[in-house]
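Quick notes on the structure that follows.
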Amino acid sequence: MLGMLAGVFGLTYGSISALIGAYGYVAIFVLTVLEAAIPIPSEVILPLVGYFGATGQINVFAGFAIAIVGSVIGMTIDYYVAYFLGKEVVYKHLHLFHIRRRSLETFDAWFAKNGRFTVFISRLIPLVRALVNFPAGFAKMPVRDFVIYSLAGSAIWSALLVGFGYYAHGLLARNLYYLVVAMALFFVVLYALYRIMMNYIMKELKK
């Protein structure tokens with residue numbers, strides 16, 4: 001498994017699926033922990049958890065719980081990196097986290113304005129869910145609050161995506177066409193949600 005994870009930066013849908021299919025809960029845990037540090041999208045991991053749950057290869061509820069635990073652990077690791085190293089050090093090494101400076105600055109400013117709400121709502125924003133970990137650490141937000149709000153947001157997000165993957169299996173069993181349409185609509189909705197939330201954040205920061 002470690003050999004396969006060595007190329008994690010280039011992971012595709014197929015390789016993530018292969019990891020979960022081969023290693024089950026261990027792969028789910030490792031991938032969701034790493035999601036916070038490197039670009040392994042939960043938008044791919046979580047629907048696959050639901051899909052493999054529907055096929056009976058894993059228990060969907062256990063996979064759901066493990067995904068949430070792994071995600072929160074990964075986020076908390078980022079939080080402590082920022083907490084102990086501080087803003088200056090993290091900003092100098094953003095390339096290690098595959099984060100754009102402008103994106104992090106945006107979430108840093110939004111966190112300064114909204115605090116706990118930012119931690120919760122950011123878990124529901126596709127593509128940038130992990131960005132708020134660092135501003136929360138910079139601000140030395142109480143770790144208990146950070147974990148609680150992260151857990152709440154991650155639970156909602158995970159339930160939606162795992163549920164989609166679970167029911168997508170039924171669409172595949174009926175007709176591949178329905179599955180393709182459902183997946184296309186799924187990613188369109190995720191991107192639209194991302195754009196709506198980012199536009200909202202930018203408007204809030206301009207007030």
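The values are calculated or read from the model by the stated rules, or taken from the named source; none is laboratory data. What you see is a predicted model; the values in this text were computed from it and never measured. Glycine gets a Cβ as well: all are built from the backbone with ideal geometry, and neighbour counts include every protein chain shown.
Among the residues making up segment 157-202, a single one is at pLDDT 70 or above and either touching a Cys at 6+ places or on another chain (Cβ under 8 Å) or of a type in the set (D, E, K, R) (or both): Arg195. In segment 139-152 there is no residue matching the filter, namely being within 15 Å of the chain's Cα centre (by Cα), among the aliphatic types (A, V, I, L, M) and modelled with pLDDT under 90. Looking across Pro126, Pro135, one residue alone is within 26 Å of Glu88 (Cβ to Cβ) and crowded, with 17+ Cβ neighbours inside 10 Å. It is Pro135. Considering only residues in segment 151-173 that are touching a residue at least 60 places away in the same chain (Cβ under 8 Å) and in contact with a Lys or Arg (Cβ under 6 Å, 6 or more places away or on another chain), the one that is farthest from Asn114 (Cα to Cα) turns out to be Trp157. Looking across segment 74-103, the residues that are outside any helix (DSSP H, G or I) and either surrounded by fewer than 16 Cβ atoms within 10 Å (Cβ to Cβ) or small (Gly, Ala, Ser) (or both) come down to His93, His98, Arg100. Only one of the numbered conditions (1) acidic (Asp, Glu); (2) within 19 Å of Leu190 (Cα to Cα); (3) without any contact (Cβ under 8 Å) to a residue 24 or more places away in the chain is violated by Glu88, and that is (2). Looking across segment 140-161, just one residue is in contact with a helix residue (DSSP H, G or I) (Cβ under 8 Å, 6 or more places away or on another chain), outside any helix (DSSP H, G or I) and surrounded by fewer than 16 Cβ atoms within 10 Å (Cβ to Cβ), and that is Lys140. Here Phe61 qualifies as within 18 Å of Ile156 (Cα to Cα), over 13 Å from the mean Cα position of the chain (by Cα) and surrounded by fewer than 19 Cβ atoms within 10 Å (Cβ to Cβ). No other residue among Leu104, Leu131 is touching a Leu at 6+ places or on another chain (Cβ under 8 Å), closer than 17 Å to Thr32 by Cβ and at pLDDT below 90 apart from Leu131.
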